[in-house]
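The values are calculated or read from the model by the stated rules, or taken from the named source; none is laboratory data. Just so you know, these numbers come straight off a predicted model, no measurement behind them. All Cβ positions, even for glycine, are placed from backbone atoms using ideal geometry, and neighbour counts span all protein chains on display. Side chains included, ligands, DNA and RNA excluded: accessible areas come from the protein's heavy atoms. Shrake-Rupley method; radii C 1.70, N 1.55, O 1.52, S 1.80 Å.
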Amino acid sequence: MRAVVCHQSRLTVEDVPDLRPAQGQLLLDVERAGICGSDLHARTSCDETADDAAALGYEDFMRSTDRVVMGHEFVGTVAEHGPGTRRSAFPAGARVVALPVLRTPDGVHLTGLSAKAPGGYAEQVLVDAAMTMRVPDGLEADAAALTEPMAVALHAVRRGQVGARDTAVVVGCGPIGLAVIAMLKATGVRHVIASDFSPARRELAAQMGADVVVDPATESPWSSFADSRRYLTEAIALAEVGLDAMDKLRAVPLLPWAHVLRAADKVGATPRGPVVFECVGLPGMIEHVVAHAPLLTRVVVVGVCMGQDSFRPSMAINKEVDLRFVFAYDPSEFHQSLQWIASGKVDVRPLVTGTVGLDGVANAFDDLADPERHAKILVDPTR
């Protein structure tokens, strides 16, 4: 079959061995595959991530010396069943999506990010039947292909524990930042601030539902917090709030003030900060957020920084900043994302800005470096 092979940071279209499904696997004819930002990073910086994965016990993350068929966002139709794989759930020709993990005789591998699990930039791809889901009738392939990145965004939003009345700040409006905006609105968050230098990305952020869109070159996304009574921005502000509260509580005779404070904390009546989603993934971004966000901010790091980074722990400590790092999603989040796309609750159509065949993938990787031209490019192997 034809596939796009990554080797030494180069992408070439080659004839590779046909795939054969093993027990519990399905072989799909790929209809669409999305080019992910992490693919752009992995193409040039996979060795650093492979070292980290190896330190955690996974030795087969792609390296620059490997020959890897990338692509972990895909939709396809069932072409063949592995031995003993139940056919009734996924009959031949059924359109499906699947989580990009593949169980093989030598272990579980990351589809499109390991030489042992070729990905979706190809005519066909193998998936694990246990991780496969039928695409609802009527949902077009372009939209279904975005199930995976939308699941990443939904997982990030849930990890952020964003309440409807919280302010959410999305720093970086690339494809994953835009997906986070869509999922924040889908889960009922009322006030979303989006920040990006690119005019095209800011326009897309508004289309995806951002309530306030900021150009950080002219206006800081943190400026709205400076005069806000809701969020604390001064170093000593938390102590001042505490003193005022204690004055009032202890003025009430026989009031069990310690119990009152604990109860207030349980119901969310104590001071809290906004929730910030760092979706840039470049060195210095965590430090930027920690330094400028209000006190008690919860920071969800979604952007994939492949290299080393640093920030000032003392700044985070003084502000009681909560750092959370997210990776992927669980099957229920993947399923929820698919259903929300199918029902129209989440409109992914603005994200798709181009489609190429296998021969256009290398140029598409280059084109995605320009935020004014594209957000999400899909690969159609039949094109």
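At-a-glance table
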{"item": "Pairs where the first residue, in the stretch 321-336, is under 23 Å from T297 (Cα atoms) and the second is surrounded by 15 or more Cβ atoms within 10 Å (Cβ to Cβ) and basic (K, R), C-beta under 6 Å, 6+ apart", "result": "D322/R298; R324/R159; V326/R159"}
{"item": "Residue satisfying all of: in the stretch 190-214; part of a loop (DSSP other than H, G, I, E, B) and open to solvent by less than 30 Å² (accessible area, probe 1.4 Å); farthest from T167 (Cα to Cα) among these", "result": "S198"}
{"item": "Residues being charged (D, E, K, R) and crowded, with 19+ Cβ neighbours inside 10 Å - total across the stretch 308-341", "result": "2"}
{"item": "Only listed residue being free of Cβ contacts under 8 Å to residues at least 60 places away in the same chain, within 30 Å of A164 (Cβ to Cβ) and surrounded by 17 or more Cβ atoms within 10 Å (Cβ to Cβ), chosen from G273, G281, G344, G360", "result": "G273"}
{"item": "Qualifying residue in the stretch 300-307 (condition: surrounded by 19 or more Cβ atoms within 10 Å (Cβ to Cβ) and assigned to a strand (DSSP E or B))", "result": "yes"}
{"item": "Complete set of residues in the stretch 310-356 that are over 17 Å from the mean Cα position of the chain (by Cα) and either among the aromatic types (F, W, Y) or assigned to a loop (DSSP other than H, G, I, E, B) (or both)", "result": "S310, F311, R312, E320, V321, G344, K345"}
{"item": "Test for A362: is it small (G, A, S), in contact with a helix residue (DSSP H, G or I) (Cβ under 9 Å, 6 or more places away or on another chain) and assigned to a helix (DSSP H, G or I)", "result": "no"}
{"item": "Lone unmet requirement of (1) closer than 20 Å to R324 by Cβ; (2) out of contact with any helix residue (DSSP H, G or I) (no Cβ under 8 Å at 6 or more places or on another chain); (3) part of a loop (DSSP other than H, G, I, E, B); (4) not acidic (D, E) for A217", "result": "(1)"}
{"item": "Spans of strands (runs of 3 or more DSSP E) in the stretch 106-189 with at least 2 residues in contact (Cβ under 8 Å) with a residue 40 or more places away in the chain, out of contact with any Cys (no Cβ under 9 Å at 6 or more places or on another chain) and open to solvent by 10 Å² or more (accessible area, probe 1.4 Å)", "result": "107-110, 124-128, 132-134"}
{"item": "Complete set of residues in the stretch 241-270 that are closer than 30 Å to A156 by Cα, open to solvent by less than 90 Å² (accessible area, probe 1.4 Å), part of a loop (DSSP other than H, G, I, E, B) and without any contact (Cβ under 8 Å) to a residue 60 or more places away in the chain", "result": "A269, T270"}
{"item": "Matching option when the condition is in contact with a helix residue (DSSP H, G or I) (Cβ under 6 Å, 6 or more places away or on another chain), among the hydroxyl-bearing types (S, T, Y) and over 30 Å from G268 (Cα atoms), among T132, T104, T147, T111", "result": "T147"}
{"item": "Checking R383 against (1) part of a strand (DSSP E or B); (2) within 22 Å of I35 (Cα to Cα); (3) not hydrophobic (A, V, I, L, M, F, W, C), the condition it does not meet", "result": "(1)"}
{"item": "Residue that is modelled with pLDDT of 95 or more and either out of contact with any Ser or Thr (no Cβ under 8 Å at 6 or more places or on another chain) or of a type outside the set (F, W, Y) (or both), where the choices are V276, V267", "result": "V276"}
{"item": "Subset of the stretch 210-226 [among the charged types (D, E, K, R) and over 20 Å from V180 (Cα atoms)]", "result": "E219"}
{"item": "Those residues of the stretch 35-87 which are small (G, A, S) and either open to solvent by 50 Å² or more (accessible area, probe 1.4 Å) or free of Cβ contacts under 8 Å to residues at least 60 places away in the same chain (or both), in sequence order", "result": "A50, A53, A54, A55, G57, S64, G76, A79, G84"}
{"item": "Residue in the stretch 82-98 that is part of a strand (DSSP E or B), within 27 Å of the chain's Cα centre (by Cα) and not hydrophobic (A, V, I, L, M, F, W, C) present", "result": "yes"}
{"item": "Residue in the stretch 227-240 that is in contact with a Lys or Arg (Cβ under 7 Å, 6 or more places away or on another chain), under 27 Å from A156 (Cβ atoms) and not in a loop (DSSP other than H, G, I, E, B) present", "result": "no"}
{"item": "Residue in the stretch 288-298 that is farthest from D322 (Cα to Cα), counting only those that are open to solvent by less than 40 Å² (accessible area, probe 1.4 Å) and of a type outside the set (A, V, I, L, M, F, W, C)", "result": "P294"}
